[in-house]
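Peer 1: Questions regarding the structure given below will be posed in turn.
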């Protein structure tokens, strides 16, 4: 305990105390525009959120972004992991290339996609124009109907490698004897996939769904660098709403309350995944 005490003290100072203090200030009307007046309001910050249309709009956009992103990540990672589980020439090179998006820092990834989507010199416009899919350069991040999906595309590109690795580990753990027995019983490729491969990959899918859902719900970097919540409110998700409320409106009380609502929702979804996917693991 004596040797652990310094580490526990540091963790308490940089992790436990900020979490506890943010919960404390969520019960106060704390605004930096009037720092000397912070009245206790109890649960008012939380109840006000339930009546805030902007908050519910941000929640809906967060749910849409998370559903699109996590579904795409799971499907693409499944296909890539099945491919990398086969023996073919160049598999090691492909596995190495797959790690490149994962190795790129989040901010660098966001800047890269900002240049790709740029309306003047972006690579996406250049490619589509050369292939005659478009007749003029498009303002991709200025279209409210496409913005959320374009941000989701950048998020998926970054997250697929880790999900693939987690699923590939599950594939590698399946004994070959099970496949041999299934072949002897006359099971087709599709039947082996449905009755042998997918059930054995449940632990990997559980990790992917929990981790990627948590990342998608609280993701902030792409929204900050690519659009800053725009155009209009098309990408005004909950993480951006918390940032605006806390650091632009300087309302730390309501910002902390929204942060805890986000944390509770994340834990609830994680529990749901564990109860469903982890039931027979």
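The values are calculated or read from the model by the stated rules, or taken from the named source; none is laboratory data. This structure is a prediction, so every number in the text was calculated from the model and none was measured. Note that each Cβ is placed from the backbone with ideal geometry, even for glycine, and that neighbours are counted across all protein chains shown.
Peer 1: Taking the condition outside any loop (DSSP other than H, G, I, E, B), under 21 Å from the mean Cα position of the chain (by Cα), modelled with pLDDT of 90 or more and under 24 Å from residue 72 (Cβ atoms), does residue 153 pass?
Peer 2: It is true that residue 153 is outside any loop (DSSP other than H, G, I, E, B), under 21 Å from the mean Cα position of the chain (by Cα), modelled with pLDDT of 90 or more and under 24 Å from residue 72 (Cβ atoms).
Peer 1: Has region 110-118 got at least one residue that is in a loop (DSSP other than H, G, I, E, B), closer than 25 Å to residue 224 by Cα and either within 21 Å of the chain's Cα centre (by Cα) or at pLDDT below 90 (or both)?
Peer 2: yes
Peer 1: Is it the case that residue 63 is free of Cβ contacts under 8 Å to residues at least 40 places away in the same chain, surrounded by 14 or more Cβ atoms within 10 Å (Cβ to Cβ) and under 19 Å from the mean Cα position of the chain (by Cα)?
Peer 2: Yes; evaluated as a whole, the condition is true for this residue.
Peer 1: Going by the conditions given, is residue 52 out of contact with any strand residue (DSSP E or B) (no Cβ under 7 Å at 6 or more places or on another chain) and free of Cβ contacts under 8 Å to residues at least 40 places away in the same chain?
Peer 2: Judged against the criteria, residue 52 is a match.
Peer 1: Next up: May I ask you to say which residue of 255, 232, 204 is under 30 Å from residue 82 (Cβ atoms) and either part of a helix (DSSP H, G or I) or touching a residue at least 24 places away in the same chain (Cβ under 8 Å) (or both)?
Peer 2: Residue meeting the stated conditions: 204.
Peer 1: If we scan region 212-229, do we find a residue that is farther than 30 Å from residue 263 by Cα and in a helix (DSSP H, G or I)?
Peer 2: No, because not a single residue in region 212-229 is farther than 30 Å from residue 263 by Cα and in a helix (DSSP H, G or I).
Peer 1: Go through (1) more than 14 Å from the chain's Cα centre (by Cα); (2) closer than 20 Å to residue 155 by Cα; (3) modelled with pLDDT under 90 one by one and return the number of the condition residue 227 breaks.
Peer 2: Unmet condition: (3).
Peer 1: Restricting attention to region 235-252, which residues are surrounded by 19 or more Cβ atoms within 10 Å (Cβ to Cβ) and in a loop (DSSP other than H, G, I, E, B)?
Peer 2: 235, 236, 237
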